[in-house]
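Just so you know, all these numbers are worked out from the coordinates, no wet-lab data involved. On a predicted model such as this, the values are computed, not experimentally measured, just so you know. Because the Cβ atoms are built from the backbone with ideal geometry, glycine has one as well, and the counts that use them run over all protein chains shown.
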Amino acid sequence: MLVTCINGRNWEDSLTVFCGIDWAERHHDVALVDEAGTLLAKARITDDAAGYHQLLDLLAEHGDSPDDPIPVAIETSHGLLVASLRTGSRQVFAINPLAAARYRDRHGVSRKKSDPGDALVLANILRTDMHAHRPLPADSELAQAITVLARAQQDAVWTRQQVANQVRSLLREYYPAALLAFQGKQGGLTRADARVILTLAPTPAKAAKLTLAQLRAVFRAEYAHQLPGVEDVFGHQLLALLKQLDATCQAADDLAEAATAAFHQHADSEILLSFPGLGPMLGARVLAELGDDRARFTDARALKSYAGSAPITRASGKKRFVGRRFVKNNRLINAGFLWAFAALTASPGANVHYRRRREHGDWHAAAQRHLLNRFLGQLHHCLKTRQQFDEQHAFAPLLSPPTEQAA
């Protein structure tokens, strides 16, 4: 490790020090500055345990301690380096690379860029604007595990759908009877029986030889055909795609089982499951993005802004525009729309709220987003007070009062 110390200091004096790390695949550049912006030290460390220990030694030399750790700014929120830095009470700030690029322009107009220079910029971001950035949440180990599983399961579902779309496009080329057979069933081409049948009969010619009368009737319908040789190679391509589809379906199922098992172990699971429209898997996705650090969101409005359900106002002069947010947690808003949609049939109050928003001119997506915004405010309150969802209390103004018996 090459370490350069600037302006020797007596560390017995109290100093406020900030650390910036420009990370890369094989090495990381580190810069330390004081409250005046003076560069105290810079270094390049390797991406391994030895490099991490060298970083800790460098921080300790400049006043880092368990009781008063030096805050760190870095352009990522994941990885072994971040996981190591998050142990203890150290504040780690994940700075958006776009924001860091804007800060870089404050220090020069030549648009020069270097890894040590970016580390210095990150350190100065904390020095000048730490109050404007949010540190990574202090989630429990179980919450972090749920985050990994829920996100992996969501990725597997998205991958499964991508492969299923490829299968669908291929079947349209030479095998429309298969699409007709499965398109009306829940799950479509991702169903286990659909994948089994297509594996047994990857071409119309092979499907016509099936012995079951029902299958023969479905797949022997009159459709245009490719040339026999072309149809046969299409069948080989379909079999290759079906292997990928089988793997993604199995991965999504296994990860869903693991995620729901971990979710049920968490103390917040009962509160989340008390909300209409939230099942174990969807609840795990919501918990994965919220975490269990109650200090992460100062109020319900901060949570709504993070999710992207709260509207944003742009005002300048006589112009004023209120619209939806584009900078948001995409995973949380994706789970939120599924939550709001499922709640329409599970909650009378949610259904009335949605219908009233539609009557006031909202499109379907806007009405759902407004419903989600309300749910998130209620969820923030329930998690803070450790109460479960109460339908009558949550939608009291919208629900008709109980009818009293006539005398």
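Before moving on, here are some points about what is shown:
- In Hz, Karplus ³J(HN,Hα) per residue of the range 154-166 (6.51, -1.76, 1.60; θ = phi - 60°; x = Gly, Pro): 5, 4, 5, 5, 5, 5, 4, 5, 4, 5, 4, 5, 5
- The range 48-179, relative contact order [Cα under 8 Å, separation at least 6], %: 20
- Relative compactness, the range 319-407, computed as alpha-carbon Rg over 2.2 N^0.38 Å: 1.26
- The label-point distance for R102 and K319, in a model that sets each label 7 Å from Cα toward Cβ, rounds to 1.8 nm.
- Highest-first packing order for the peptide set 365-377, 129-141 is 365-377, 129-141, based on the mean count of other beta carbon atoms within 10 Å.
- In degrees, nearest ten, helix 115-129 long axis to first principal axis of the chain (Cα): 80
- Magnitude of the charge dipole, the range 266-307, Cβ model with Lys/Arg +1 and Asp/Glu -1, debye to 20: 180
- Relative contact order (percent, whole number), the chain, Cα cutoff 8 Å, 6+ residue spacing: 12
- Highest-first arrangement of 160-173, 341-354, where packing means the average Cβ count within 10 Å: 341-354, 160-173
- Working note: Cα gyration tensor of the chain, eigenvalues times five, square-rooted, sorted largest first, giving semi-axes of 49, 33, 21 Å.
- When each of the peptides 258-267, 303-312 is scored by the mean number of other C-beta atoms lying within 10 Å of its residues, the order from highest to lowest reads 303-312, 258-267.
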